[in-house]
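First comes the structure, then the notes that go with it.
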Amino acid sequence: MKKSPLTTLCYVEKNDAYLMLHRISKKNDVNKDKWIGIGGHFEEGESPEECMLREAYEETGLTLTSYRFRGIVTFTQEGYGTEYMCLYTADGFTGTLKECDEGALEWVPKKDLPKLEMWVGDLIFFKLLWDNAPFFSLKLTYRGDVLTEAVLDGRELKLPIEPQSFWQSIDFYKDYLV
C-alpha cells in the first residue's frame, strides 16, 4: 500500500522543552540524522487527531491528553514529492517514555533548538509556535537539504534563514516577509 502524503508532526512540551526525535535508526530516511518531532503518515480512515495520537503512542509510549492543532506545513523536496503535515503541540500526557525504533528521544530546551541538526524550515514553524501565532499555512520547498522557498500564509519569506539570527529576530513578520 502506498504511503499517504498526509502526515502529522507533534511537539510535546514539558518544562520549557520539546520532546525531540533524533532520526538515526532508519535506513533511506529523508530525515536521517535530523532532529524532528514525533509523528508519521496517516493510515486509511484516520483523522489528523487519530493519526497524531497513534503516532505519539507508538513512538513514545505516551498518551497525549492535551494538544492543539497549530498549522499545516506543505513540505516539498526534489525527488521526494510533497507531504502535507498537520502540525500539533501537546502539553499534557500520561505514560512512561519508551525507546523509539526510529531514533533517540530527548527533551531539548526550546532555547537550544537552533543548535540541533534540523531542517532550516523547521525553525520557521518553531518561531511561529514560540510566538503563539494563530493557525498558519507554511510551504517549505527543498533541493536536497537546502531550503529554496518558504511561503507563510501565501506570502513569500526572505531566504536564506540563518538559525541563530532567525531565532533571535525581534519581529519575525517585519524581518522575514518579502
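Only the coordinates and a few stated rules stand behind these numbers; no lab work does. Remember, it's a predicted structure, so these values are computed and weren't measured experimentally. All Cβ positions, glycine included, derive from the backbone under ideal geometry; neighbour counts span all protein chains shown.
Taking the beta-carbon count within 10 Å as an exposure proxy, list Thr65, Thr74 from fewest neighbours to most.
Fewest-to-most ranking of Thr65, Thr74: Thr65, Thr74.
Apply 1/(1 + (r/R0)^6) to the Cβ-Cβ distance of Tyr80 and Glu49, taking R0 = 41 Å, and write down the FRET efficiency to the nearest 0.05.
Working: r = 26 Å, r/R0 = 0.62.
Using R0 = 41 Å, I get an efficiency of 0.95.
Rank these for me by crowding, Cys10, Cys51, going from fewest to most other beta carbons within 10 Å.
Listed from fewest to most nearby Cβ atoms, that is Cys51, Cys10.
Under 8 Å for C-alpha pairs, at least 6 residues apart: give me the relative contact order for the chain, rounded to a whole percent.
On the way: 346 pairs, mean separation 40.3, N = 178.
Rounded, it is 23 percent for the chain.
Relative to the longest principal axis of the chain, what angle (0 to 90°, nearest 10) does the C-alpha long axis of helix 120-130 take?
80
Which value, in nm² and rounded to one decimal, describes the direction-averaged projected area of the C-alpha convex hull of the chain? Kindly include the intermediate steps, with their values, before the conclusion.
Details: hull surface 39.8 nm².
Mean projected area of the Cα convex hull: 9.9 nm².
What's the exposure ranking of Glu50, Glu55, Glu83, going from fewest to most Cβ atoms within 10 Å?
Values: Glu50 13, Glu55 23, Glu83 19.
Ascending Cβ contact count within 10 Å gives the list Glu50, Glu83, Glu55.
Once you've got the GNM for the chain with C-alpha springs shorter than 10 Å, pick whichever of Glu44, Glu106, Glu59 has the biggest mean-square fluctuation.
Among Glu44, Glu106, Glu59, the largest mean-square fluctuation in the Gaussian network model of the chain belongs to Glu44.
Can you pick out the pairs among Lys32/Lys115; Lys32/Lys98; Lys27/Lys98; Lys3/Lys115; Lys110/Lys158 whose Cα atoms lie more than 28 Å from each other?
Details: Lys32/Lys115 17 Å; Lys32/Lys98 20 Å; Lys27/Lys98 21 Å; Lys3/Lys115 31 Å; Lys110/Lys158 24 Å.
Checking Cα-Cα distances, Lys3/Lys115 exceed 28 Å.
Test of the criteria: in the stretch 1-100, which chymotrypsin sites (Phe, Trp or Tyr not before Pro) are in a DSSP loop and have at most 15 other Cβ atoms within 10 angstrom of their Cβ?
Within the stretch 1-100, the qualifying chymotrypsin sites (Phe, Trp or Tyr not before Pro) (loop, at most 15 other Cβ atoms within 10 Å) are Tyr80.
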